[in-house]
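The values are calculated or read from the model by the stated rules, or taken from the named source; none is laboratory data. The model shown is predicted, which means the values in this text are computed figures rather than measured ones. Methodologically, a virtual Cβ is constructed for each residue, glycine included, from the backbone with ideal geometry; neighbour enumeration extends over all protein chains shown. All accessible areas refer to the heavy atoms of the entire protein, side chains included, with ligands and DNA or RNA removed. Shrake-Rupley method; radii C 1.70, N 1.55, O 1.52, S 1.80 Å.
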Amino acid sequence: AVGVGRVPVVLLDEGIPEENIFLTRCFDIAGRLSPVEASRLAEKLRSQFGIADDELAKEFLPLWGMGNSSSVLNKLRELERLQEPVARWCVENKTGLRDAGLWARLSREAQRAMLVLVRAFKPGGNLLRGYLELAGEISLREGVSVGEILADSRIHKLMSDPQGAASGGRETVHRVLLERRYPILSDLRGKLKLLKG
């Protein structure tokens, strides 16, 4: 009916346990998983099939191109805290384990606020890391939410101006966060400018 003469098919014996089929698929995707996908798969192997952490580390992590240490497995476990939209964003943007971990350390509210900012400015890897680290540090030090930090009038103005966001907006956001994180350094820079001018 669809004009195809032959269709490849895999026939499975009804007696094959679902666990074996799932494990076979895990081996089939070797080396093609992002850290977030590996985190989700490890959690499923642990919760649904009772695979122990030592087996995950020794048997599965090497297949996924992630070494074989329990510390990597612990970092993958951290990624279970990612909000679903952030997890999808990380997968789509090929976010590495370290940067995905920075996202995961943020609260649920902070992840959502940061995702709005990141979608608006589309920072590269180093700037993204800077945003995540600086916002997290400011939040801890000042006891304020990341949403409050990102509500800075200079950032808000850039977000409502697509042209401004495109022309240097990414760096301006980073500079605003740097100034708030290191206020003494910012004051010194200002005084140096006055002395030079």
Exercise. Taking the range 40-89 on its own, how many of its residues are in a helix (DSSP H, G or I), among the hydroxyl-bearing types (Ser, Thr, Tyr) and either touching a helix residue (DSSP H, G or I) at 6+ places or on another chain (Cβ under 6 Å) or open to solvent by less than 70 Å² (accessible area, probe 1.4 Å) (or both)?
Worked result: 2
For this session: Return only the number of the condition from (1) of a type outside the set (A, V, I, L, M, F, W, C); (2) under 30 Å from Ala113 (Cα atoms); (3) in a loop (DSSP other than H, G, I, E, B); (4) open to solvent by less than 50 Å² (accessible area, probe 1.4 Å) that Arg32 does not satisfy.
Result: (4)
Problem set entry | Single match in Gly130, Gly147, Gly169, Gly136 (criterion: open to solvent by less than 30 Å² (accessible area, probe 1.4 Å), touching an Asp or Glu at 6+ places or on another chain (Cβ under 7 Å) and assigned to a helix (DSSP H, G or I)) | Gly147
For this session: Quick one: in the range 117-127, of everything that is free of Cβ contacts under 8 Å to residues at least 40 places away in the same chain and open to solvent by 70 Å² or more (accessible area, probe 1.4 Å), which residue is farthest from Glu148 (Cα to Cα)?
Result: Asn126
Exercise. For the range 94-124, which residues satisfy the criterion of being of a type in the set (Lys, Arg) and touching a Cys at 6+ places or on another chain (Cβ under 9 Å)?
Worked result: none
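Does Arg119 satisfy being assigned to a helix (DSSP H, G or I) and more than 19 Å from Pro183 (Cβ to Cβ)? Lay out the reasoning, then the answer.
Values: assigned to a helix (DSSP H, G or I): yes; more than 19 Å from Pro183 (Cβ to Cβ): yes.
Yes: the conditions hold for Arg119.
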For this session: Give the residue, chosen from Arg129, Arg112, that is in contact with a helix residue (DSSP H, G or I) (Cβ under 7 Å, 6 or more places away or on another chain) and among the basic types (Lys, Arg).
Result: Arg129
Exercise. When you look at Glu148, is it at pLDDT 95 or above and charged (D, E, K, R), yes or no?
Worked result: yes
Exercise. Does Glu37 satisfy the criteria of being modelled with pLDDT of 95 or more and either not aliphatic (A, V, I, L, M) or not in a helix (DSSP H, G or I) (or both)?
Worked result: no
For this session: Go through the range 90-114 residue by residue and tally those that are farther than 16 Å from Ile149 by Cβ and open to solvent by less than 30 Å² (accessible area, probe 1.4 Å).
Result: 6
